[in-house]
Structures are given as structure tokens and as C-alpha cells.
Amino acid sequence: MDLDDLYQEIILEHYKEPKNQGTVADANVHVEGRNPFCGDEIRLTMLVKDGRIVDVKFTGSGCAISQSSASLMTEHIKGKTVDEVKELFKEFGHLVRGEEHTHEHIHDMDELSAFQGVSAFPTRVKCAMLAWNAMKEGIEKELEKYGE
Ligand code: ZN
């Protein structure tokens, strides 16, 4: 199995059996994301408390890239601080756009690396970023309430 096969495997696994499906009951962040080019949809709920992502869940429909990216994202941001998540957002963006960057938080064997192949298909970058953009928008709205 070469690296591309391994990456495809990770994406398909998360598409078939997404993690953190559903709605966080006591969520203070509700956000939706749409990618009209592909018909992808994501509904994200999060509980953000004391600058940390306490819980996160999503529901959605669309292509394998968009849904598996959402699934992997929830796994990687849960329990992290807002600052860590913002850093991860930046690094994931660099990764899927194929930009040269030192990935401090995304290590070689990290499953998020599975999406680096997306950079060869610019139209799919929107699919991979859908959940991430929604997450960032949701967090920023929530923080604005406290004037941070
Ligand atoms: Zn898509």
C-alpha cells in the first residue's frame, strides 16, 4: 500500500463512518456551511467554554472529501484551545492548498495529511475547507459576544 492508497483509505473510512455525528445538546456555537459548487452541506454545533472546544458534533451531506474532512476535523479540535484550533486551521489551509509551510501541528503520520492530495484539484479545496471555514466562523462569532 503506498501513501496515496493509505490517504484514500482514511478519507473513505471517515466518509462511511463519520465520527462525532449529531448535535451537541448544550452547544453555544451553531453554524452551517454550504459549498454550492459540489452540493456539500455541514451543520456544526460546538460547546466552547473558557477558550476551549469542550464538545463538537456535525451532521451533513455531500462528497466524501467534505464529509470526511468534517469528521477528521471534529476529532482534531475536540479538547483543544481556541488558539490551538486557529493555528491548526491555518496549517490545514496551507496543506490543502499545497502551500509551502512548516506544519508544526500536523505531523507526517497525522491523518489530516490525507488531505494534502486535494491540492492537485483546486475545485476540491472548497470541499476540504467547508467544515473548517464553518468552524472558524462559528468560533469568531461566539468570541465576539465577549469582546475578545
Ligand atoms: Zn464536495
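The values are calculated or read from the model by the stated rules, or taken from the named source; none is laboratory data. Since the model is a prediction, treat every value here as computed from it, not as a measurement. Virtual Cβ from ideal backbone geometry, glycine too; neighbours counted across all protein chains shown. We work out accessible area using only protein heavy atoms, side chains counted, and drop any ligands, DNA or RNA first. Shrake-Rupley method; radii C 1.70, N 1.55, O 1.52, S 1.80 Å.
Can you tell me which residues in region 27-53 are more than 29 Å from Gly117 (Cβ to Cβ), assigned to a strand (DSSP E or B), free of Cβ contacts under 8 Å to residues at least 24 places away in the same chain and open to solvent by 40 Å² or more (accessible area, probe 1.4 Å)?
Lys49 - this is the single residue of region 27-53 that is more than 29 Å from Gly117 (Cβ to Cβ), assigned to a strand (DSSP E or B), free of Cβ contacts under 8 Å to residues at least 24 places away in the same chain and open to solvent by 40 Å² or more (accessible area, probe 1.4 Å).
Quick check, is Ile77 open to solvent by less than 40 Å² (accessible area, probe 1.4 Å), at pLDDT below 95 and among the hydrophobic types (A, V, I, L, M, F, W, C)?
When the stated conditions are applied, Ile77 does not pass them.
Output the residue which, of all residues in region 54-74 that are in a strand (DSSP E or B) and either over 15 Å from Ala128 (Cα atoms) or over 11 Å from the mean Cα position of the chain (by Cα) (or both), is farthest from the ligand (Cβ to nearest atom).
Going through the qualifying residues, I end up with Val54.
Gly138 is checked against (1) within 16 Å of the ligand (Cβ to nearest atom); (2) of a type outside the set (Val, Ile, Thr); (3) crowded, with 21+ Cβ neighbours inside 10 Å and fails just one. What number does that condition carry?
(1)
Answer yes or no as to whether Val24 is more than 16 Å from the ligand (Cβ to nearest atom), in contact (Cβ under 8 Å) with a residue 60 or more places away in the chain and not in a helix (DSSP H, G or I).
Judged against the criteria, Val24 is not a match.
The conditions are (1) loosely packed, with under 15 Cβ neighbours inside 10 Å; (2) closer than 18 Å to Glu137 by Cβ, and Glu17 fails exactly one of them. Which is it?
Only one criterion is unmet by Glu17, namely (2).
Hey, among the residues in region 108-130 that are part of a helix (DSSP H, G or I) and among the aliphatic types (A, V, I, L, M), which one's farthest from the ligand (Cβ to nearest atom)?
Leu112
Identify, from the list Glu104, Glu100, Glu87, Glu13, the residue that is part of a helix (DSSP H, G or I), out of contact with any Ser or Thr (no Cβ under 9 Å at 6 or more places or on another chain) and more than 16 Å from the ligand (Cβ to nearest atom).
Glu87
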